[in-house]
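Structure first, then comments.
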Amino acid sequence: MGTFAKGADLREKRGDDNAIKVCASFDLALDRLSWFERFVMRRARASAKRHLPAASVCYVWESALPIGTRLENPFSKRLRYWVLRQGVAQPGQWFEESRNLGKDFLELFGDESQDVIPPLLGISIGGDSDNTQGESVSWITGISHRPLP
């Protein structure tokens, strides 16, 4: 369950906040990207001084966008959203989700990966309200996975 920051809108930089997201990060080879995206990733990795994933699928609970909406993050097309839940839940209301990460990766990044699923680097959980300067609250429990084929 969760509450959302006022003004959150994943389509815009100033509103790129959400109450909860679960992201699967993949080690997509840079040679699959356009020259510009390769340049951007190399610069980002150099400044971060760590290996940043070239592709992340983030499942989000969104305040207004319809369930099933898929879109690129307004800051980087290396991260793509998939809206699984929409609207505010009642206190104590829990939901269960099950996703096929490989299939969803191909849905969002298949054009770049040429239908090859790269290695999974990790799963991250987060929520944020830095762009709207608002507040958001969510709870999550019981994440598990089965290996990708």
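Give me the percent relative contact order of the stretch 25-107, please, defined on Cα pairs under 8 angstrom at least 6 residues apart.
24
Could you let me know the centre-to-centre spacing of the stretch 22-90 and the stretch 100-129, using Cα atoms, in angstrom?
Going from one Cα centre to the other spans 8 Å.
What's the FRET efficiency of D115 with A64 using the Cβ-Cβ distance as r and R₀ = 35 Å, to the nearest 0.05?
0.60
Just grab the label-to-label distance for W35 and R146, each label 7 Å out from Cα along the Cβ direction, in nm (one decimal).
Label-label distance for W35 and R146, simple model: 4.4 nm.
Return the FRET efficiency for the residue pair A44, S124: r is the Cβ-Cβ distance, R0 is 22 Å, and the value is rounded to the nearest 0.05.
After rounding, the FRET efficiency stands at 0.85.
Taken together, the values in this text are just the output of simple stated rules run on the coordinates, not laboratory data. Bear in mind the structure is a predicted one, so any value in this text is a computation, not a measurement. Neighbour counts run over all protein chains shown; Cβ positions are idealised from the backbone, glycine included.
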